[in-house]
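The values are calculated or read from the model by the stated rules, or taken from the named source; none is laboratory data. Predicted model, so just to flag it, every value in this text is computed and none were measured. Please note: Cβ atoms are built from the backbone with ideal geometry, for glycine as well, and neighbour counts cover all protein chains shown. Quick note on the areas: whole protein, heavy atoms, side chains included, nothing else; ligands and nucleic acids left out. Shrake-Rupley method; radii C 1.70, N 1.55, O 1.52, S 1.80 Å.
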Amino acid sequence: MRILFWHVHGSWATAFVQGAHDYVVPLTPGRCPDGRGRARTYPWPGTVREVPCGRLAREEFDVVVLQRPHEIELAERWTGRRPGRDVPAVYVEHNTPAGDVPHTRHPLAGRDDIPLVHVTHFNALFWDSGLAPLHVIEHGVVDPGYRYTGELARAGVVVNEPIRRRRVAGTDLLPGFAAAVPLDVFGMKVTGLPADLGTAGRLGVFEDLPQGRMHAELARRRVYLHPYRWTSLGLSLIEAMLLGMPVVALATTEAVEAVPPEAGVVSTRPATLVDALQAFADDPPRARQAGKAARASALTRYGLERFLADWDRLFRLSIRPSSGTPPP
């Protein structure tokens, strides 16, 4: 099939484009958030084409995969076709609801012509999805391979914009963790974090490394810390498990499902997590054993083959492939 989607979430998209289809991503001048084109720090196959937004109307698509509410209007304006009516569409919800959470109504809740796909069962439980045909397709992750060395008695953390997303990402908890075990934080806009938190000497930062390099560096750390209070399920958590890292995580959202007891420690008590970080840092054999269990669990639940099969199954329900001939 020929699939139009926006380059929004790099890790999720990297798994999604591994399927047996042709993928088109919009491109805008300056590669703004609505037209980033192909990924630059993730390895994408040649089946992904970037097409300038002004030329999308000349393309034919079997389905539009939406990920943000305003993409419905963008798709109609740029392609000349209304998602869900003139062209089949699917909406992927990556995020947990915000605001008055028990009552948060999804932007697609009033429509029954666009299937709504949640990436976790937690998302499906907490969003009010209304009339939208509801599906859950759990994450799939490209296996980076077992790379764990754990040679550094430090904890690795992956978070984008930790200063802006302070309480959501659990950034305010990092000084307490860093007092027990030194931390290294990887992600976008992390450069000013030590000064902001007053943790110079106990917290290192690695600004927006290419994925492969980040994986190699992360795997040198003894343990992975997942401090998020409120997120659907960080793909970096699954990637760390696949690398073979033991996990210490807040018992919030889908993390309680993703991390089995043998793979690490999950708790709502920061003191318990501090103790777990110290225990892994002080016991390399235990850390290695838990990391191997984490990898085995992630391969079983979040393997790429299952993820792509789930998406193909959803597409087959209602989408008939085109001849591939663009409209005149």
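For this structure, a couple of remarks:
- Taken one residue at a time, the phi angles of region 133-141 give Karplus couplings (6.51, -1.76, 1.60, θ = phi - 60°) of x, 9, 9, 10, 10, 5, 4, x, 9 Hz. Gly and Pro are set to x.
- ³J(HN,Hα), Karplus 6.51/-1.76/1.60, whole Hz, each residue of region 103-118, x for Gly, Pro: 10, 5, 9, 6, x, 9, 4, x, 10, 10, 9, 10, x, 10, 10, 8
- The chain - mean residue ellipticity at 222 nm from DSSP helices (-39,500 (n - 2.57) per run, n ≥ 4, rounded to 500): -9000 deg cm²/dmol
- Whole-Å distance, taken between Cα centres, linking region 235-271 and region 36-115: 30 Å
- Rounded to the nearest 20 debye, dipole of the chain from Cβ charges on Lys, Arg, Asp, Glu: 460 debye
- Gaussian network model of the chain, Cα within-10 Å springs - most flexible of Pro29, Pro227, Pro284: Pro29
- Cα gyration tensor, region 136-205 - rounded (a/c under 1.5), prolate or oblate: oblate
- Residue-normalised accessible area of region 134-209, expressed per residue, 1.4 Å probe, Å²: 42 Å²
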